[in-house]
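Report on one structure; see the data block that follows.
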Amino acid sequence: MAERAQIAVKGTVQGVGFRPYVYTLAASLGLTGTVSNDADGVHIDIEGESVADFIRRLPVEAPPLSRIINISVTPLPLQGYTGFTIQESRARTGSDSMTFVSSDVSVCPDCLRELNDPADRRYRYPFINCTNCGPRYTITRAVPYDRPNTTMADFPLCAACSLEYHDPRDRRFHAQPIACPKCGPSVEFKVQSSRFHVSSPDPILGAGEVLRHGGIVAIKGLGGFHIACDAMNHQAVAMLRERKRRSNKPFAVMAASVEVLRGFCEVTRDEQALLESPKRPIVLIKKKHPDAVLDPLSHGVAPNNQYIGCMLPYTPLHSLLFSDREYDQQNTKGRTVSVLVMTSGNLSEEPLVHRNDEAIEKLSGIVDAVLLHNRDIFMRVDDSVVRVRSGGYSDQTPALPCSISFFRRARGYAPEAIALQGSGPEVLGCGADLKSTFTLTKGSFAIPSQHIGDMENYETLKFYEECFSNLKQVYRVEPVAIVHDLHPGYFSTRWALEEGKKRKLPIFAIQHHYAHIGSVMAEHGLTDTVIGVAFDGTGYGTDGKLWGGEFLLAGVEGFERIGQCKYIALPGGETSIKEPWRTAVSYVVDAEGAHAADRFAAVGFTEKYGSHAIEQVMTLARSAVLSPRSSGAGRLFDAVSALLGICDRNTFEGEAAMALESLTVDGIAEEYPIVITEENGYTVLDFGNTIKALIADLLNNESRSIIATRFHNTVASGITMMVQSLHKRTGIIDVALSGGTFQNLYLLKRTTALLMSDGMRVHANVQMPSNDACISLGQAYIIRERLKRA
Ligand SMILES: [Zn+2]
Ligand SMILES: [Zn+2]
């Protein structure tokens with residue numbers, strides 16, 4: 001019997017080939033009707049004998065990039081449609097509804113095949129894309145996601161492209177960024193240094209020539225510029241480091257294939273699956289033992305680091321950079337570059353450069369040449385950086401980041417929404433100043449921005465505002481409240497205060513570590529009080545001291561600080577964060593008292609830094625004004641790293657802690673002693689005896705791997721003991737772990753395992769980084785839940 005139904009589909013259903021999919025499914029079932037798009041999602045009006053079949057199959061066979069959140073079906077009286085049509089997008093309707101903006105998608109295998117097929121009309125065309133791949137968020141100016149609302153509006157379709165665009169049987173049907181060499185964007189190559197002369201008229205081959213000869217090239221990508229050079233050319237890498245004034249911070253690399261990466265990295269099956277997934281993040285992968293490496297990367301790519309940030313080509317243009325071998329056989333002398341350094345195209349500490357004029361102006365002192373194109377980047381998005389948290393990536397839905405740990409959440413992930421429990425008010429969380437993000441809530445979702453950067457200059461603030469006005473507009477959010485960090489000096493705090501005043505909105509301040517715990521509560525839908533463990537660098541505490549190793553009872557209405565790591569002086573404040581040996585001096589004095597001086601000689605500090613400098617630091621540490629007290633767990637890891645002599649300068653945040661983690665080995669259960677005391681009503685975790693025992697091990701010439709592992713085990717154990725005692729007092733079994741220190745996967749895994757064996761329910765950040773990037777989510781969530789209850 002013929003039936004008719006109106007079907008509304010919500011979720012990520014635009015720009016992912018959903019309407020052509022509906023058309024094909026309807027046609028295969030002999031159904032008639034219409035399908036259309038608007039800012040609320042996809043609307044289907046369907047009529048015929050097998051409507052029930054259609055409804056059953058609709059979510060099951062949906063396109064790979066779609067993410068259906070909700071399907072609602074309303075029966076209607078028969079209309080008597082004669083065919084099935086795809087209608088133009090409709091203007092927006094209701095304001096409480098939302099459609100999700102898709103993140104950018106790497107080039108798909110079908111498009112790659114055409115890219116490399118000399119008979120195809122898009123042979124070697126760097127902007128090839130289809131309904132399953134290509135730019136999305138970075139080119140979308142407004143919703144609905146239609147060509148006039150993207151930066152592709154400047155490129156009218158040629159007849160051939162137009163045919164494909166309008167043909168429901170074509171795999172480019174309604175692919176908004178569709179283009180070809182005749183009608184679409186084009187690339188341009190400009191050599192700026194007289195050192196290089198290029199023989200090829202083809203811009204991409206020209207770039208290849210300069211790279212092959214050791215030059216540095218700015219390459220316009222999807223969400224901004226990269227700066228590239230041959231990763232195996234030591235001189236080129238050293239030159240790039242010098243010009244970018246980037247001391248030790250590792251560079252990411254892009255390799256032609258996983259096989260190439262295997263030449264210098266131990267790539268696991270899970271890491272491979274992640275590298276090859278359509279999201280194509282930078283994956284931090286363990287370096288191979290130097291003896292096992294045949295074709296080594298330049299030492300300058302990731303000095304003193306056990307990991308290399310690796311990615312695969314994700315745009316057609318990247319792919320062409322690596323595939324000029326056959327095409328250019330006559331011109332190519334020597335080998336093709338198979339691994340490129342691909343570092344963010346920016347001036348130190350500024351956001352990614354994305355405009356052509358800006359690239360030529362700002363990057364001219366760094367690069368020898370520029371590979372440009374004329375498709376504008378509307379939204380800047382950096383590469384995402386992740387690590388595989390545990391095995392089983394390929395056994396789970398690849399679209400869900402269940403077993404990865406984010407360092408930076410950006411391209412391929414932003415602006416995906418995070419599902420919250422139930423509907424709630426629209427709130428803006430402004431985040432913190434390091435690894436800054438903001439988060440908007442709407443309906444039953446939170447929308448965190450992509451990684452914005454460290455808020456320490458005007459350029460970053462401008463990017464923050466750009467991104468805010470864009471996400472606010474495309475998701476149609478009107479915040480009713482603004483939330484910021486408790487730190488009065490933060491840029492983000494001052495911005496929130498101004499913004500709140502301008503919009504006449506209530507403004508709330510949320511303590512840093514409470515917000516960390518709030519982000520975990522948001523991700524896991526927790527609304528009751530949890531035991532929060534925030535292990536972090538430093539954040540502003542309610543007592544004006546620098547917190548960072550905190551045990552909180554945290555709920556929606558507020559938090560209570562129950563325990564902490566012992567306060568230790570940071571000699572000279574900021575300086576000791578950059579030079580961890582100073583913090584180590586503080587810890588040793590605290591642990592060893594009168595014996596400290598002997599110990600400095602024994603661990604090699606006296607020889608390395610001189611007794612005079614050590615004396616000065618000890619004097620400095622006694623001044624409460626010049627040396628703030630901190631309970632930061634990150635500082636403890638810094639100090640231990642310095643004691644082991646593996647890192648005495650943090651040239652980037654977390655360097656010392658990462659170096660320490662990379663020494664850990666599996667299969668060691670021993671730990672050092674640890675003391676729990678009561679001070680001023682707080683339970684205090686005191687690592688004094690830990691430091692003593694660790695120094696004794698050092699003096700016994702115990703291996704650094706074993707010491708580092710015992711130390712990690714001790715911290716995990718200390719956390720577990722504290723949580724146990726809190727559990728006994730309160731009966732709470734939900735534990736939330738957050739903070740930058742939990743980016744340390746050895747610590748996270750061991751702590752989780754210990755807590756779980758004690759019967760606790762353990763929650764951690766999975767959809768957001770556990771570093772300060774998650775603060776905005778926690779802020780927005782806490783106030784959203786409070787407003788719901790009010
Ligand atoms: Zn494609
Ligand atoms: Zn065309």
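The values are calculated or read from the model by the stated rules, or taken from the named source; none is laboratory data. These numbers come from a predicted model, not from an experiment. Cβ atoms come from the backbone with ideal geometry, glycine included; neighbour counts cover every protein chain shown. These accessible areas exclude ligands, DNA and RNA; they are computed on the full protein's heavy atoms, side chains included. Shrake-Rupley method; radii C 1.70, N 1.55, O 1.52, S 1.80 Å.
Within 22 Å of PRO281 (Cβ to Cβ), open to solvent by 20 Å² or more (accessible area, probe 1.4 Å) and either away from ligand 1 (no atom under 16 Å from the Cβ) or at pLDDT 90 or above (or both): does that describe LEU112?
Values: within 22 Å of PRO281 (Cβ to Cβ): yes; open to solvent by 20 Å² or more (accessible area, probe 1.4 Å): yes; either away from ligand 1 (no atom under 16 Å from the Cβ) or at pLDDT 90 or above (or both): yes.
Yes; evaluated as a whole, the condition is true for this residue.
Hey, which of the strands (runs of 3 or more DSSP E) in the stretch 175-279, taking only ones fully inside, have at least 1 residues that are open to solvent by 20 Å² or more (accessible area, probe 1.4 Å), away from ligand 2 (no atom under 16 Å from the Cβ) and hydrophobic (A, V, I, L, M, F, W, C)?
Hits in the stretch 175-279: 187-191.
If we only count helices (runs of 4 or more DSSP H) wholly inside the stretch 503-603, which ones have 3 or more residues that are modelled with pLDDT of 95 or more and of a type in the set (A, V, I, L, M, F, W, C)? Lay out the reasoning, then the answer.
On the way: elements: 512-524, 574-578, 580-592, 596-602.
By residue number, 512-524, 580-592.
Return the residues of the stretch 678-696 that are open to solvent by 20 Å² or more (accessible area, probe 1.4 Å) and either at pLDDT 95 or above or within 37 Å of the chain's Cα centre (by Cα) (or both); say none if nothing qualifies.
Matches in the stretch 678-696: TYR682, ASP686, ASN689, LYS692, ALA693, ALA696.
Please enumerate the residues belonging to the stretch 22-41 that are open to solvent by 10 Å² or more (accessible area, probe 1.4 Å) and in a strand (DSSP E or B).
THR32, THR34
So which residues in the stretch 153-169 are more than 13 Å from GLU114 (Cβ to Cβ) and within 13 Å of ligand 1 (Cβ to nearest atom)?
Correct list: empty.
Restricting attention to the stretch 771-789, does a residue exist that is touching a residue at least 40 places away in the same chain (Cβ under 8 Å), open to solvent by less than 30 Å² (accessible area, probe 1.4 Å) and not in a helix (DSSP H, G or I)?
yes
Quick check on my filter: what residues within the stretch 158-174 are within 34 Å of the chain's Cα centre (by Cα) and either exposed (fewer than 13 other Cβ atoms within 10 Å of the Cβ) or within 14 Å of ligand 2 (Cβ to nearest atom) (or both)?
Selection gives TYR165, ARG172.
Just need a number here: residues in the stretch 74-95 that are modelled with pLDDT of 85 or more and surrounded by fewer than 16 Cβ atoms within 10 Å (Cβ to Cβ).
Residues that pass the stated criteria total 10.
Are there any pairs with C-beta distances below 8 angstrom linking a residue in the stretch 600-612 that is aliphatic (A, V, I, L, M) to a residue that is outside any helix (DSSP H, G or I), with the two at least 6 apart or on different chains, and if so which?
Hits for this filter: VAL603/GLY645.
Please verify whether the stretch 289-308 includes one or more residues that are part of a loop (DSSP other than H, G, I, E, B) and at positive phi.
First, the residues of the stretch 289-308 that are part of a loop (DSSP other than H, G, I, E, B): 289, 293-298, 302-306.
Subsequent filtering for residues that are at positive phi retains 304.
Yes, the stretch 289-308 contains a residue that is part of a loop (DSSP other than H, G, I, E, B) and at positive phi.
So is ARG122 within 16 Å of ligand 2 (Cβ to nearest atom) and farther than 20 Å from ASN149 by Cα or not?
Yes; evaluated as a whole, the condition is true for this residue.
Could you tell me whether any residue of the stretch 703-718 is of a type in the set (Lys, Arg), in a helix (DSSP H, G or I) and open to solvent by less than 20 Å² (accessible area, probe 1.4 Å)?
No; the residues of the stretch 703-718 include none that is of a type in the set (Lys, Arg), in a helix (DSSP H, G or I) and open to solvent by less than 20 Å² (accessible area, probe 1.4 Å).
Mind checking whether some residue in the stretch 213-232 is in contact with a Ser or Thr (Cβ under 9 Å, 6 or more places away or on another chain), within 16 Å of ligand 1 (Cβ to nearest atom) and not hydroxyl-bearing (Ser, Thr, Tyr)?
yes
In the stretch 170-184, which residues are more than 16 Å from ligand 1 (Cβ to nearest atom) and in contact with a helix residue (DSSP H, G or I) (Cβ under 8 Å, 6 or more places away or on another chain)?
Within the stretch 170-184, LYS182, CYS183 qualify.
So ASP120 passes all but one of these: (1) within 13 Å of ligand 1 (Cβ to nearest atom); (2) touching a residue at least 12 places away in the same chain (Cβ under 8 Å). Which condition number does it fail?
(2)
When the stretch 1-15 is examined, which residues are found to be surrounded by fewer than 20 Cβ atoms within 10 Å (Cβ to Cβ), assigned to a loop (DSSP other than H, G, I, E, B) and of a type outside the set (Gly, Ala, Ser)?
Passing the criteria: only MET1.
Inside the stretch 125-145, can you point out the residues that are surrounded by fewer than 18 Cβ atoms within 10 Å (Cβ to Cβ) and either of a type in the set (D, E, K, R) or within 16 Å of ligand 2 (Cβ to nearest atom) (or both)?
The one that is surrounded by fewer than 18 Cβ atoms within 10 Å (Cβ to Cβ) and either of a type in the set (D, E, K, R) or within 16 Å of ligand 2 (Cβ to nearest atom) (or both): ARG141.
What residue, among those in the stretch 589-622 that are closer than 10 Å to ALA569 by Cα and touching a Gly at 6+ places or on another chain (Cβ under 9 Å), is surrounded by the most Cβ atoms within 10 Å (Cβ to Cβ)?
Among them, the one singled out is ALA621.
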